[in-house]
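S.K.: For reference, the structure I am asking about is given below.
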Amino acid sequence: MIWFAKVAAAVLAVLTVLGGILWVDVTGRYLAASQARTLVGEAVSYADLRIPTIASEDARVTVGVLFHVANPSPIALEIRTISYKFYMDNLLDTRAFVEKADSIYVGSSGFFSDTEGQTVPAHGEGWIWANLTVDGALQPETLSRLNRTFYDPPKYFPIIDAGMVYAIAGTSLVDRVLDIVFVTQSGVMPYDA
Amino acid sequence: MTRDRWGGRWLDAVWVILAAVAMGTFVAVAHYSAYGPMVPLGVGETILAVPLLVGIALGLLFHKTEPPALVLRGFLACAGAILLIFVTLYAPVFAGVVPSLADLGSEDAARLASVFTALFILPIHLLGNVIGRGIAEVFPPTARPSA
C-alpha cells in the first residue's frame, strides 16, 4: 500500500472510531431520554395532601400537596416546575366539573424552580412539596370555598389538576406532563383532625 | 491468485463499511445535538465536511480502480451511511422503548427532513471520491507500486 493510501486508511479508521464513540454516547442518551419521556407521564402522582381544619373565617391556611415523581428511566430528570389548580368540590352541586369549576376554584400554586430544578436520579424517586396559602383576612370568599366539608367526621373533597415541566439531564430537552389529576371518592380528612 | 483477489475484495468491503460507519455516525450525531453529544456538531458543517473527507480517503484508497467501480463503492458507502442514520432515527422503536416515534412528539415532517438531509451525503461524498482520485494522480507513477 502506497503512503497516501496508508494515510487515507488511517484517517478513515480514526473517523470511524471517533464517530462510533460519539454515536454510542448520543444513541444511548436518545434511547434513555425516549424512555423517560414515554414513562414519566404515568410516574407522577400525589403522595400526600394536607388540608388543615379551618378554625376561623380570617385564618391563614396552608394547603400542602406532596408530589411523588418516580423515574423509571435510566437517565436523571430535573423537575423545573409543577403547577396546579386547586378546587374544593361541592358535593351538593350536581353539575359536571366543567360547569361548576369556576365556582369551586380555590387557587393556583406550585413548585417553581429558579435554578436547575430538583433532580430525580435515574431509576430513583423524588418528592416535592408545593403549598397553597389562602389568607382568610384578604380572601374571605376563597377561604369559604376551601372550608367546605361533608359527612361526619368532616372530609374535604379536593380536586387538583397539575402539570409538570421537566428537563432531561445531560440534554437540552425540556418536556411537560399535563393532566396530573387528583380526585378522591372517599374524601380527605383534615390532617390535624 | 484467486485468494489474493478475494482478499482484496474483502479489504475493499472493509473500507466501504468503515466509510459508511464514519459518515453515518457523524451525521446522525449532528442530527441529535439536543441529546448532548460529547462534541456538539452542526448538521450543515458535518454533512459538508465528513462525507467530503471520507470521500477523499476512499478516492485515495481506491486510486487503482476504474472510475465506475469507485463511484459504485462510494454509492454503497453512502447507502450504508443513510441506512445507519435511518436506524438511529428509529432506534427507540427498534429497541422497543416506544411503539412509534409519534409518541415522542416528533412530527413526521421533521423525521422526513432529517432523512432527506442525509441524502446530501451522496453528492458530497462522490465529489470527495473524485478529488481523492485526482490527488492520487498528482503523485508521480514511480511513487506508486505496480499492481
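S.K.: Could you pull the Rg and Dmax for region A:82-193, using just the Cα atoms, both in Å?
M.R.: When restricted to the Cα atoms of region A:82-193, Rg and Dmax are 16.7, 52 Å.
S.K.: Determine the shielding of peptide B:9-20 by partner chains: average, over its residues, the number of Cβ atoms on other chains within 10 angstrom of each Cβ.
M.R.: Details: counts 0, 0, 2, 0, 0, 3, 5, 0, 1, 8, 3, 1.
The shielding value for this peptide is 2.
S.K.: Still on this structure: With charges set only on the Cβ (+1 for Lys and Arg, -1 for Asp and Glu), what does the dipole of region B:2-143 come to about its Cα centre, in debye to the nearest 20?
M.R.: 480 debye
S.K.: Return the long-range amide H neighbours of residue A:48 (sequence gap of 5 or more, or a different chain), with a cut-off of under 5 Å between placed amide H atoms.
M.R.: Correct list: A:66.
S.K.: With springs connecting C-alpha atoms under 10 Å apart, model chain A as a Gaussian network and identify which of A:172, A:109, A:144 has the largest mean-square fluctuation.
M.R.: A:172
S.K.: Another question, then. Can you give the average number of partner chain beta-carbon atoms within 10 Å of each beta-carbon in peptide A:131-143, as a whole number?
M.R.: 0
S.K.: Beta carbons within 10 angstrom, averaged per residue: use that to sort the peptides B:128-136, A:50-58, B:51-59, A:5-13, highest first.
M.R.: My ranking of the peptides, most packed first, is B:51-59, B:128-136, A:5-13, A:50-58.
S.K.: Next question. Assign unit charges at the C-beta atoms only (+1 for Lys and Arg, -1 for Asp and Glu), then state the dipole size of region A:3-183 relative to its Cα centre in Debye, rounded to the nearest 20.
M.R.: Roughly 560 debye for region A:3-183.
S.K.: For the protein assembly as shown, build the charge dipole from Cβ charges (+1 Lys, Arg; -1 Asp, Glu) around the Cα centre, then report which of A:79, B:17, A:132 sits farthest towards its positive end.
M.R.: Positive-end residue among those listed: B:17.
S.K.: Antiparallel DSSP bridges in the protein assembly as shown: what percent, to the nearest 5?
M.R.: For the protein assembly as shown, the DSSP antiparallel bridge percentage is about 100.
S.K.: Per the Kirkwood formula on distinct C-alpha pairs, the Rh of the protein assembly as shown is how many angstrom? Don't jump to the answer; show the numbers that get you there.
M.R.: Working: mean 1/r = 0.0411 Å⁻¹.
By the Kirkwood definition, the hydrodynamic radius is 24.3 Å.
S.K.: What average number of partner chain Cβ atoms lie no more than 10 Å from the Cβ of the residues making up B:53-62?
M.R.: Whole-number average of other-chain Cβ neighbours for B:53-62 is 5.
S.K.: Here's a follow-up. Report the Rg/Rh value for region A:1-107, based on alpha-carbon coordinates and the Kirkwood definition of Rh.
M.R.: 1.40
S.K.: Over the Cα atoms of region A:3-183, each weighted equally, I'd like the Debye log10 I(q)/I(0) at q = 0.09 Å⁻¹, rounded to two decimals.
M.R.: Log10 I(q)/I(0), no solvent term: -0.46.
S.K.: Which number do you get for Rg(Cα) / (2.2 N^0.38 Å) in region B:12-147?
M.R.: On the way: Rg = 17.1 Å, N = 136, 2.2 N^0.38 = 14.2 Å.
This ratio for region B:12-147 stands at 1.20.
S.K.: Positive end of the charge dipole of the protein assembly as shown (Lys, Arg +1 and Asp, Glu -1 on Cβ, about the Cα centre): tell me which of A:119, B:110, B:80 has its Cα farthest that way.
M.R.: Toward the positive end, the furthest listed residue is B:80.
S.K.: Based on the Cβ-Cβ distance of residue B:48 and residue A:45, what FRET efficiency does E = 1/(1 + (r/R0)^6) give at R0 = 51 Å, to the nearest 0.05?
M.R.: Efficiency computed from Cβ-Cβ geometry: 0.60.
Since every read-out is calculated from the coordinates, none of them should be taken as a lab result. Given the structure is predicted, the values throughout are model-derived calculations rather than measurements. Using ideal geometry, Cβ is built from the backbone for each residue, glycine included, and neighbour counts are taken over all protein chains shown.
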